[in-house]
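The block underneath contains the structure these notes are about, expressed in structure tokens.
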Amino acid sequence: MATSQQLMLRVTGYTDRCSVRPGDEVTFFVHSEFNEPYQADIVRLIHGDTNPEGPGFKEKLVRTSTNRRYRGQHQAVHAGSYVMVPHDPRLDVQSFTLCAYIYPTTPVVDTEGVAVGAQAIISKWHARTGTGYGLFINESGELALRIGRGRGQVEEYSTRKPLFRKVWYKVAATFDAARGEIRVWQTPFVTIANGGHGPSMLHPLEDTAGSARYRARRAGPRASDCPLLIAASTAETQSGRRLSGGHFRHLPAAWEIPIHSHKYNGKIERPKLANRALSAAEVELLLASAGCEQVPGELRGVVVGAWDFSANIADNAASTHIVDAGPNALHGVGINLPVRGVTGFNWSSDFMSFRHAPHEYGAIHFHDESVDDARWAPSFTFKVPANLKSGVYAARLRVNGSTSAECEDYVPFFVRPPASGPTARIALVMAMHSYLAYANDNLSVNSVIAQLLTGQVPLLQPGDLLLNQERGYGLGTYTSYRDGWGVNISSRLRPILNMRPKYVHVLSPSLWQFNADLHLVDWLHEMNYDVDILTDEDVQREGVSLLNQYRIVLTGHHPEYVSEQQMQAYHDYQQAGGRFMYLAANGFYWVCQPHPENPNIVEVRKGDNGTRAWTIAPGEYCNAFDGKHGGLWRVRGRVMSKILGVTFTSFGLTYSSYYRRAPDSELAECKWMFKGIGRDEPIGNFGLVGDGAAGLELDRYDLELGTPHRAFLLAHSEGHSDMFVSVTEESTFNARGYIPGGTGDNNPRTRADIVYYKTPHDGAVFSVGSMAWCGSLSHNRYDNNVSRLMRNTIEGFLKDGPLP
Amino acid sequence: MATKRHARPATALARDYGFTAVDDYDVRTYMLPLLRDPAQRAEIIAEHRAHPRGAAAEPGATPPNHSPGLKRLIDKLRMTPQTGKHTIVETLPWQEYAIGILPGHRGGVVKITRERYRTREDAEHAIFLKRLYALLDHYGVKY
């Protein structure tokens, strides 16, 4: 009998860059689960669907010196966000006070009922040697002070009262080394608004408020060279991993980070350290200031560190720089991107953005599963040859050369044309931001509702088994952290195991995202079209000037997550006469903002509206990465139908349906697209995504939502099952049956519309309104009416001059 | 937030009694009459066997919706809590599928049982039957 470990993926990796040109070098970072050697080969990916009913898997080997056997190395991911303040002798205090506001979200167990263990709030604590000091939450959920003088000499003093989840507390501990006196206290600080969805009625207060005094040895903690950490403690001082470049470019040197432990879930605000035991009144004074601005001179003199998380968030809260506003300027750095721009202990609900009231957003939310960068050691590089055709490529990794599923992984990257200019008249934009949003969802294992949405039991593949063991390698925006908060930041600098050829996706009867986009890549290849491959990252950086180099720009099947810069580029391209083909549904839906200093990382904040995996906490709707309102583009007045002609209307993550031609398809302006297709012929009643061209998610036209007034309806789908439900952003009152809250069998808005319209300067937009469309292209050896309609449209769009 | 030192309040509310009670009412009221009848039960099982994962709509045919009885039952079974829930593990792509058991939390190990099926549909139906019989056992329905 095979065990889970035998079936689990044994090799995986990621690259330093997503989109490269000929002459560029790509670095690969590879993990080998059992330290086994592996063969790496660079391949061009054509078709990733292994379904025996389709054309099958297609790849082409690229001859390069990179292709050889490599020694394998197990590389761990150290997940969990925290703040590091590098070691400084001034942090090695004897007597001291630690204080902060905290909002714990897993004081004892996580949302799955698993014990979290002790969590550090502020610590200069070396766990292996048991030295140092720190303010912790202990295994019983109580605030606790730890003092360590070496192994066997670790002391813990707690309040003996449990901290409650989603409640703000004022917490403090003092130690007088000369007298051996210890005080530790936790005081709820609750207003009607400040805890978000946490309770505001704590009665009796004594259930959770507590203070205690203790006598201890008259000796301070033993000093060590470990850093001071906020939201973690140090397991090992040296990890061999360093911070540099990207979102750490402000650092004066490449700081080495520790291996951390005692990871905390929840918010922390105004953490402070003083080098003597303060009175309760002095602690009040200290905590009254975000930094040290209103701390009297005498008291200021004993402050070692006063970290003000609101100090540098006025424009955006993307910075990893953590300001020490105290006299020593012991600045820190945020690692694994703790979430900034979140409501603080003093949030009044008068403001909904940290930009409008940074002083009410002085908290940071830490999660013990966050990953900004796996920071693995480089394994090998590939220099893109000058003559390499633009396309979708990957390093194919095979443990010991084996082709079995658990021994093989593909690490994708995209080759765009050389800097000298385009090599084709057609460009396909690969939806990297959406691949990031859907990264490592782990829904097969974690989500109860996934089976209701998809109407089936999930299928686990070798990568899914590894992903669950590794707690999602940092997860993605379709899941929640273990404290119940949605994952709002996703990085490409780690393996993304559901962005792979051959992968069968939990949200589909077959494929979704990257692997489904290869259906289109394959069809373009089989039709002998020259196509330049671009990515979201390229459009983000270069805007409409990049798109204007192409006669036709295509999307893949689900470009759901786009930035403001991308939205503007597509709008301007259409205005300038570009011909845009949206071969998708539910595109341009969520606001998705790349990190201003690292394009490999994006942020998504899903608000009150939209068909969504989670809802952001009250008052936290604005992106840390640009300070603007997150959520639906529709909420920001940029509903997708303004530039696509169609808007998200329904979804059913199950089997598909087909289209019927609409009367507009016979008009002189449109009939050229239907050459060779009969008037009453159903379109796309076949395909590799749910056996039909209209499926998964569906878009419809809507003149009330900005569909252009001269748009044509070419076709519409019908017959979607009652697994197809209405999108939530259009439900005001739910009512049984028909339109509001209706399903495929009783809501006429449950359909995919093919819409076409012209734009200025002989431009045009062609939208199919279905995520399953591209899966039908290869049917009957590419000879079918979906393929024909696509081919007719592309041929027409490639011609210069006005359209019919 | 119960621990050895701090017990959770011993109230019905704290253990989500309201949800459990109404869910129990729904099963007894709407599902058990159907499931207790051997003929209707056999019909529901046969209907699931025909299309365990659904089917595409075909031009000229009625869309493939499940019957009201199967719909209600299958939605209930799909909401089985994640801990110990059956799943499908691909052991040989397009050739062999195993029944697995979920750990219910991230970081846990998915257990792989000895049960193997040639198609994903066969495995899906096998899991449906396991969940159905567990429900019938819970309510003391003989089958």
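A single entry from A:A569, A:A585, A:A624 fulfils the requirement of being assigned to a loop (DSSP other than H, G, I, E, B) and farther than 28 Å from A:P458 by Cβ: A:A624. Residue count for region A:662-684 under the criterion of being assigned to a strand (DSSP E or B) and surrounded by fewer than 22 Cβ atoms within 10 Å (Cβ to Cβ): the result is 0. Please go through region A:378-399 and give me each residue that is part of a loop (DSSP other than H, G, I, E, B) and in contact with a strand residue (DSSP E or B) (Cβ under 7 Å, 6 or more places away or on another chain), ordered by number. Across region A:378-399, the qualifying residues are A:P378, A:S379, A:V384, A:L388, A:S390.
A:T477 falls short on exactly one of the conditions (1) among the hydroxyl-bearing types (S, T, Y); (2) touching a Gly at 6+ places or on another chain (Cβ under 8 Å); (3) more than 29 Å from A:Y582 (Cβ to Cβ), and that condition is (3).
State which residue is surrounded by the most Cβ atoms within 10 Å (Cβ to Cβ) when the search covers only region B:39-72 and only residues that are part of a helix (DSSP H, G or I) and in contact (Cβ under 8 Å) with a residue 60 or more places away in the chain. Ranking the qualifying residues of region B:39-72, first place goes to B:H48.
Within region B:1-13, the only residue that satisfies the criterion of being within 16 Å of A:G113 (Cα to Cα) and modelled with pLDDT of 90 or more is B:H6.
For every residue, the table says whether it meets (1) facing chain A (nearest Cβ under 10 Å); (2) among the β-branched types (V, I, T).
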{"site": "B:Y17", "(1), (2)": "no, no"}
{"site": "B:T20", "(1), (2)": "no, yes"}
{"site": "B:D24", "(1), (2)": "no, no"}
{"site": "B:I45", "(1), (2)": "no, yes"}
{"site": "B:E58", "(1), (2)": "yes, no"}
{"site": "B:T62", "(1), (2)": "yes, yes"}
{"site": "B:H66", "(1), (2)": "yes, no"}
{"site": "B:D75", "(1), (2)": "yes, no"}
{"site": "B:G84", "(1), (2)": "no, no"}
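Inspect all residues belonging to region B:88-95 and state whether any of them is at pLDDT below 95, closer than 12 Å to A:V445 by Cβ and within 7 Å of chain A (Cβ to nearest Cβ). No, there is no match, as no residue in region B:88-95 is at pLDDT below 95, closer than 12 Å to A:V445 by Cβ and within 7 Å of chain A (Cβ to nearest Cβ).
For region B:110-143, filtering for residues that are facing another protein chain (nearest Cβ under 7 Å), part of a strand (DSSP E or B) and either surrounded by 15 or more Cβ atoms within 10 Å (Cβ to Cβ) or in contact (Cβ under 8 Å) with a residue 40 or more places away in the chain (or both) leaves 2.
Here are A:L337, A:L330: which of them is over 21 Å from A:K263 (Cα atoms) and at pLDDT 95 or above? So the residue among A:L337, A:L330 that is over 21 Å from A:K263 (Cα atoms) and at pLDDT 95 or above is A:L330. Inspect all residues belonging to region A:469-486 and state whether any of them is more than 17 Å from the chain's Cα centre (by Cα), modelled with pLDDT under 95, farther than 30 Å from A:I794 by Cα and within 12 Å of chain B (Cβ to nearest Cβ). The answer is yes, given that some residue of region A:469-486 is more than 17 Å from the chain's Cα centre (by Cα), modelled with pLDDT under 95, farther than 30 Å from A:I794 by Cα and within 12 Å of chain B (Cβ to nearest Cβ). Each residue in region A:761-804 was checked for being among the aromatic types (F, W, Y) and either under 14 Å from A:G577 (Cα atoms) or surrounded by fewer than 16 Cβ atoms within 10 Å (Cβ to Cβ) (or both), and 2 of them qualify. For region B:98-109, the criterion of being part of a loop (DSSP other than H, G, I, E, B), facing chain A (nearest Cβ under 7 Å), at pLDDT below 95 and in contact with an Asp or Glu (Cβ under 6 Å, 6 or more places away or on another chain) is satisfied by at least one residue. Pairing each residue of region A:371-389 that is crowded, with 20+ Cβ neighbours inside 10 Å with any residue that is part of a loop (DSSP other than H, G, I, E, B) and of a type in the set (K, R), provided the two are 6+ apart or on different chains, yields C-beta distances under 8 Å for A:V371/A:R494; A:D373/A:R494; A:A374/A:R494; A:R375/A:R241; A:V384/A:R21.
Checked against the criterion of being more than 28 Å from A:V109 (Cβ to Cβ) and not charged (D, E, K, R), the candidates A:L453, A:L475, A:L493 yield just one match: A:L493. Determine, yes or no, whether A:R425 is within 11 Å of chain B (Cβ to nearest Cβ) and of a type in the set (K, R). For A:R425, the condition - within 11 Å of chain B (Cβ to nearest Cβ) and of a type in the set (K, R) - is not met. Every test in (1) in contact with a helix residue (DSSP H, G or I) (Cβ under 8 Å, 6 or more places away or on another chain); (2) part of a loop (DSSP other than H, G, I, E, B) is passed by A:E293 save one, and that test is (1). As for region A:704-717, it holds at least one residue that is in contact (Cβ under 8 Å) with a residue 40 or more places away in the chain, within 35 Å of the chain's Cα centre (by Cα) and over 29 Å from A:A576 (Cβ atoms).
Restrict the check to region A:345-363 and report whether at least one residue is buried (at least 23 other Cβ atoms within 10 Å of the Cβ) and either within 14 Å of another protein chain (Cβ to nearest Cβ) or over 30 Å from A:Y82 (Cβ atoms) (or both). Checking region A:345-363: not a single residue is buried (at least 23 other Cβ atoms within 10 Å of the Cβ) and either within 14 Å of another protein chain (Cβ to nearest Cβ) or over 30 Å from A:Y82 (Cβ atoms) (or both).
Counting only residues that are within 14 Å of A:F414 (Cβ to Cβ) and in a strand (DSSP E or B), region A:4-45 holds 9 of them.
Against the test of being more than 29 Å from the chain's Cα centre (by Cα), at positive phi and more than 14 Å from chain B (Cβ to nearest Cβ), the options A:G684, A:G676 yield a single qualifying residue, A:G676.
Evaluating A:L453 against the criteria (1) more than 10 Å from chain B (Cβ to nearest Cβ); (2) farther than 30 Å from A:W376 by Cβ; (3) among the aliphatic types (A, V, I, L, M) leaves one unmet condition, (1). If you check A:L632 against the conditions, is it surrounded by fewer than 24 Cβ atoms within 10 Å (Cβ to Cβ), aliphatic (A, V, I, L, M) and touching a helix residue (DSSP H, G or I) at 6+ places or on another chain (Cβ under 8 Å)? Against the criterion (surrounded by fewer than 24 Cβ atoms within 10 Å (Cβ to Cβ), aliphatic (A, V, I, L, M) and touching a helix residue (DSSP H, G or I) at 6+ places or on another chain (Cβ under 8 Å)), A:L632 qualifies. All of A:S261, A:S244, A:S239, A:S279 fail the test of being loosely packed, with under 13 Cβ neighbours inside 10 Å, among the hydroxyl-bearing types (S, T, Y) and either under 25 Å from the mean Cα position of the chain (by Cα) or within 17 Å of A:D372 (Cβ to Cβ) (or both), apart from A:S244.
Scanning region A:221-235 for residues that are assigned to a loop (DSSP other than H, G, I, E, B), more than 15 Å from A:L273 (Cα to Cα) and not charged (D, E, K, R) gives A:A223, A:S224, A:C226, A:A232. Within the option set A:S721, A:S717, being buried (at least 16 other Cβ atoms within 10 Å of the Cβ), among the hydroxyl-bearing types (S, T, Y) and not in a strand (DSSP E or B) holds for one residue only, A:S721. Of all the listed residues (A:P740, A:P708), the sole one being over 27 Å from A:W512 (Cα atoms), away from every other protein chain (no Cβ under 14 Å), in a loop (DSSP other than H, G, I, E, B) and at pLDDT 95 or above is A:P708.
The values are calculated or read from the model by the stated rules, or taken from the named source; none is laboratory data. Computed from a predicted structure; not experimentally measured. Because the Cβ atoms are built from the backbone with ideal geometry, glycine has one as well, and the counts that use them run over all protein chains shown.
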